[in-house]
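For reference, the structure is listed below as structure tokens.
Throughout, read-outs are computed from the coordinates displayed, never taken from laboratory work. Keep in mind that this is a model prediction, so the values were computed, not measured. Cβ placement follows ideal geometry from the backbone for every residue including glycine, while neighbour counts extend to all protein chains displayed.
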Amino acid sequence: MTPRVKICGITNLDDARMAVSAGADALGFIFVENTPRFVTPERVAPIVRALPPFVTPVGVFWDHPAGHIKAVVEACGLRAIQLHGDEKPEDCDGYAVPVIKTIKAPPASTIEGLPEERPALPLARAAQFLHHVAAILIDSEARWSEGERRDPIEWSMVRSMSKSSAFSVPVILSGGLSPDNVARAVEVVQPYAVDVNSGVEATPGRKDPDKVRRFIAEARRS
């Protein structure tokens, strides 16, 4: 199956249009205050109105109250939300749009030498959300990038999740992806979708058109 591609951290209309023209299936807008790619509903609403009908605008939130999230969804016309914080399974209920829950995993470079149960923890946490969400997104537990490179997570761990018959929702792969490694990541994990932010940027909050085009082409090449 060819993976869907989400370009996250969109902050302006030019980048949104460029990502759509490159073939993006979804665009992510980060409504998390005090982060490098924070956007307001006032900025996002006109971008969403300009999107083609089959490109999904996704709002990213972090431990925000449900009432706040619902107000932003309505104000912007978002068609999915991504809960990126320490939300509980029941916090994902009650929304009128699909919910994606982020589960954080250690970078692959830190896994070697750790007890075997440590890599299994993200899988156990993800399993708690299966009856509450439309998809699970696996991201690095490293802090939000301000332009620096992030190490990829352990792809074989995510593959065991995406290929498990017991795992009943789609798996989205994120964390340290770039045009240089996404084809291999898709080959190993076979995810429903891939999600990229800093890996296709020129500077924090501004996308590099060549990187975006290469990322999407490489994701689908495999």
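Data table
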quantity	calculated
Most mobile of Gly199, Gly176, Gly77 in a GNM of the chain (Cα contacts under 10 Å)	Gly77
Under 21 Å between alpha carbons - lysine pairs in the chain that sit 8 or more apart or on different chains	11
Residue with peak Gaussian network fluctuation, the chain [Cα springs, cutoff 10 Å], from Ile47, Ile100, Ile138	Ile47
Summed side-chain charge close to Ala135 - residues other than Ala135 whose Cβ falls under 12 Å, Lys, Arg +1, Asp, Glu -1	+2
Highest to lowest packing among 167-175, 10-18, scored as the average C-beta count within 10 Å	167-175, 10-18
Gained length - Ser164 relative to Glu187, 0.36 nm times residue gap less alpha-carbon distance	6.7 nm
